[in-house]
1. So what's region B:1-141 giving for Cα Rg divided by 2.2 N^0.38 Å, two decimals?
2. Between copies, how far apart are the C:Val298 label points? List them in nm, one decimal, shortest first, with each point 7 Å from Cα toward Cβ, please?
3. When you look at the Cβ of every residue in C:30-41, what mean number of other chain Cβ atoms sits within 10 Å?
4. Debye sum, Cα scatterers, region A:120-239, no solvent: what log₁₀ I/I(0) at q = 0.15, 0.17 1/Å?
5. Across peptide C:107-115, what mean number of C-beta atoms from other chains lies inside 10 Å of a residue's C-beta?
6. Could you order the peptides B:218-227, B:49-58, C:155-164 from most to least packed, using the average number of other C-beta atoms within 10 Å per residue?
7. Using only the Cα atoms of the protein assembly as shown, build the gyration tensor, take square roots of its eigenvalues as a ≥ b ≥ c, and label the shape rounded, prolate or oblate: rounded if a/c is under 1.5, else prolate if a/b is larger than b/c, else oblate.
8. In terms of the Cα gyration tensor, with a ≥ b ≥ c the square roots of its eigenvalues, is region A:224-285 rounded because a/c is under 1.5, prolate because a/b exceeds b/c, or oblate?
Amino acid sequence: MNRTLKDVAALVRARLLGDGSVEVRGVASIRSASPGDLVFVEEEKSLDEALASRAAAVIAGEFAAAAAAGKPILISGQPRLAFARAASLLVDSQRYEPGVHATAIVHPSVRIGNNVTIEAYVTIGQGAVIGSGTHIGAACHLGANVTLGENCNLLSHVTIYPGVKLGNRVIVHAGAVLGSDGFGYVRDSLSGCYEKFPQIGGLEVGDDVEIGANSTIDRGALDATVIAGGVKIDNLVHVAHNVRIGKNVVIAAQTGVSGSSVIEDNVIVGGQVGIADHVRIEEGAILGAQSGIPSNKVIRGKGIVFWGTPARPIREYLKELAVLARLAKKR
Amino acid sequence: MNRTLKDVAALVRARLLGDGSVEVRGVASIRSASPGDLVFVEEEKSLDEALASRAAAVIAGEFAAAAAAGKPILISGQPRLAFARAASLLVDSQRYEPGVHATAIVHPSVRIGNNVTIEAYVTIGQGAVIGSGTHIGAACHLGANVTLGENCNLLSHVTIYPGVKLGNRVIVHAGAVLGSDGFGYVRDSLSGCYEKFPQIGGLEVGDDVEIGANSTIDRGALDATVIAGGVKIDNLVHVAHNVRIGKNVVIAAQTGVSGSSVIEDNVIVGGQVGIADHVRIEEGAILGAQSGIPSNKVIRGKGIVFWGTPARPIREYLKELAVLARLAKKR
Amino acid sequence: MNRTLKDVAALVRARLLGDGSVEVRGVASIRSASPGDLVFVEEEKSLDEALASRAAAVIAGEFAAAAAAGKPILISGQPRLAFARAASLLVDSQRYEPGVHATAIVHPSVRIGNNVTIEAYVTIGQGAVIGSGTHIGAACHLGANVTLGENCNLLSHVTIYPGVKLGNRVIVHAGAVLGSDGFGYVRDSLSGCYEKFPQIGGLEVGDDVEIGANSTIDRGALDATVIAGGVKIDNLVHVAHNVRIGKNVVIAAQTGVSGSSVIEDNVIVGGQVGIADHVRIEEGAILGAQSGIPSNKVIRGKGIVFWGTPARPIREYLKELAVLARLAKKR
C-alpha cells in the first residue's frame, strides 16, 4: 500500500531529507527498482548508484546526509534495518481471510481465537488451542493438545505432533515437522535388537521463532526440547530430543543438533554444522559452516569463530591448513 | 494405565525388592518424576538421587541390591532396557480408533486387514495391501500396489511411491518419502544433456524398521533397494537407489548413503555421515559423525570407530590431528 | 508395451545385429532379466554374461559387433544412453488419467491446459497457470500466481509458494518445497533481535529440471532465484535465496547452496557439499562429496575435481592427506 515518505520516516525512525509528500509503494534492489520503490544503501560507495536508480527514495546511513540528492533520502543509523521495517509496512504481505475452510477437520473441543484462518484440508486434533490472528496453511496436521500462540503463520503441509506448544508470532515453513519422536533406543545385549526408549517429552517453542521448510524438531525423551524466543532456523535443519536453544540463536540450513545439547543465547551456527550429543555452545560463539563439535564438548568464546571438525578457533585451524599445504608442496 | 510393581517386574523380568502392591502409572526422568512414576538408574552414583526423588519406584542394576531403600527397587541386568519396556506398558501410547475416515480415498481394490485405522485425507492407490492393526496418519499418500505389513504406524504426510513393500511393525514418521526415483541420468555426449536412466526397481523394508521425519529412501534403478529388519533411521537421512542395509543397523540424522552401497548387519552410522557409491561397510563397524567414505571403499572392523574424510580408524585420525596441531604451534 | 527390436533400434538409433522381429517388452539388469527384457553392457568384459542371461536382446558398444551372439544385439556408440531411451519407450511409465479430481480445490481464475491431471486434495490459488499435459499429485499445494509449463510432473505433497514459475517437463518429487522464504534477517544492534528482511523475490525454474524428494529451494530476497534448464537436483538439497544455477548442472543429495552464489553451466556437485554465500563455481568444475567452499570464493577449472574444506584441487588435497599420514606414523 502507498505511504508518504514522511509517514515511512516516522515509522522507521529515520531522518527525512527532501520532499516528505512523495509516495512510495514498494521496496526493491537498486538494480531492479521501479518508480515508487524504496531502496537502501549501507555503504557510501553504492550511494550514487542508488540515487541514479529509478527508485523514488533511498534509505542510507549518515554518510548520505551531505549528498546533493536528486531524490529524497531517509537517514538511519541502521539503514538495512530501517529498510526491512519499511518493507513490512509497504509490501502487501499475504493477507489471509479469517475463517475455517469447509474442508478443515477441527475437533469440536479445539479452542480458536479471533481472526484465525484455517485453510483447506487442515486436520486438528482434540484439545488443541489456536491463538488469535494465527494462520494455518493448506493440509497442515496438528495433533491433539497442540497449542499455538497469537499471530502464528504455518505454511502448508506442516505436521505438529501432539502436545507441542508454540509461542506468539511463530512462523513455520512448509513441510516442517515439530515434535516427532526422538531417536532413542536401547539395545538388548542378548538379542542384539534395538527397542524404543520412550519419547514422551514435550516441545516448547518461544515467541518470534521462524522455522524453515522441511526442518525437523524432535520432542524430548522424558523431559522437553526447548527453543527460546527469537530463534531463527533455516531449511532442512535437525534438532534432536532434549536440546535447549537459547534466545536469538541463528541456525543456517542443514545443520544438525544431537540429543541433550545446549546452545546458549546469541550463538550463530553456520550451515551443515554437526553438533554431537551433550555439547554446550556458550553464549555468543560462532560456528563456521560444516564445523563439527564432538560429544560432551564445551565451546566457549563470545564472538569467536570456530571451524573444522573437531571445531577449533578459526585462527588455529587456518594456521594448520597453511602448515599442511606448505609441507605438501615441499614433497 | 496403572500397574502394580509386581506385574511390572514380571513383565520386564526384573527382581522386585520391596512392596509389590505399589502402583505405578507412568515413567519419568529423575528430576521431573511425580508420585506414581517409575524412574531408572544405570550408574550407582545416581542411585541416591533416584531414591530421594518423588518417584514411586526405581529400576536399577545389581549395584542397588544392597541399598537401604526408602522405596521399591526393580533390579535388572539391563536397567535401561527394563525401563524402556516398562514405559511401553505404562505410557498410554496413542491408541487409534479403527476405521476408515469418510474423507479417505481408498481404491476399491485395496485389501485392508482387521483393526486398521486410516485417517482423514489419506489417498491409497489401486492394488495396495494394508496389514491388520496398521495406522495410516492424516494426509498420507500411498501409490498403487504398496504393501504394508501388520501393526505399522505411518504418521502424517508420508508419501509411499507405487510398489513399495513394508514389513510388520514399521514406523514411518511425518513427511518421509519412500520409493522416490533414484538419481540416475545418462549424459548424451553430443548434446551435453542428461537423460533419465530408468528408475523402476523396488524398495523393500523389513520388520521393526523405524524411519525418521522427512527422510527419503529411493527405489532401485533396475533392481531393489533393501532395508533389512530392525534398522533404525533418524530424521532427514537419504538412502539412494540400490542400497542394501543389513539387520539392526542404526543411522543417525542427516546421513546420506549413495547408490549401490552396502551396509552390513549391526553397523552404527553417526549423523551427517556421507557414504559414496559402491561402498561396503562391513559388519559391526562404527562410522563417526560427519565422516566420509569415498566411492568403492571397503570399511572393515567390527567395533572399530572410523572418523574423518576419507574415514580412517579414529586412533590414526586423532594422531594426525595432534601432529598437525603441534606443527602449527611451532610456526 | 511390446516393441520389435527393429522398431527399438530405429528409435534409439542403434545398429541391429540379428532378428529384428524379436519383441521386447521391458528393461532389466543382466542378473534379473526375464525373457522379453532388454539389457545393456558398457564394457566388453560383461558381454558374455549379458549374452548368457535370459534377456531377449542386448544393447552394447562397438566391441560387441564381432560377437558370435546367441541373441540379437543393438550396437550403439552410447549403449547406456540407448538403453535409457529404450526404457522410456518400453516401460509403462505411470499414465495419468486427465481430469480434475472432485476434491481438488482450484480457484476459478486458474487457467488449465489440455490433458492436465489434478489429483485428490490438491489446492491451487488464484491466478495460477497449469500447462497442458501436466500432472499434479495428491495433496500438492500451489499458491497464487504459480505458473507450471507443459508436461510437468509434480508428485505428492509438493508445496509451491506464490508466484513461482516452472518451465516445461519439470519433475518435482514428493515433499519438495519451492519458493519458500529465504533466510534473511537484520539484527537490531540495540535490542539484539533479528527482524525479517523482505523475502519477496521470485523463483524461476527452467525446462527439463528434476528436483528430488524433500528438497527446498528458496525464493529471492528482492530479486529472483534462478535454476536454468536441464538441472538435476537430488533429494534433501537446499538452495538459498538469489542463487543462480546454470544449464545442465547436477547436484547430488544433501548439498546446500547459500545465498547469492552462482553455479555456472555443466558443473557437477557431489553429495553433502556446502557452498557458502556469494561463491562462484565456474563452468564445468567438479566438487567432490562433502567439500566446502567458503564465502566469496571463486572455483575455476573445467573438469577439475575439487575436494576438502576449504575445497582445493583433489591432487593437492590427497598429497596433504598423504603427508599428514606419514608424519603421524613417525611419531
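Computed from the coordinates by the stated procedures, all read-outs in this text should not be read as laboratory data. Just so it is clear, the model here is predicted, and its values are computed rather than measured. Please note: Cβ atoms are built from the backbone with ideal geometry, for glycine as well, and neighbour counts cover all protein chains shown.
1. Details: Rg = 20.9 Å, N = 141, 2.2 N^0.38 = 14.4 Å.
Working it through for region B:1-141, the quotient is 1.45.
2. 4.6, 4.6
3. Details: counts 1, 2, 5, 1, 0, 0, 0, 1, 0, 1, 1, 0.
Across the residues of C:30-41, the mean count of other-chain Cβ atoms within 10 Å is 1.
4. -0.62, -0.77
5. Partner-chain Cβ atoms within 10 Å, mean over residues of C:107-115: 0.
6. C:155-164, B:218-227, B:49-58
7. rounded
8. Working: a/c = 1.27, a/b = 1.01, b/c = 1.25.
Rounded is the answer for region A:224-285, as its axis ratio a/c remains below 1.5.
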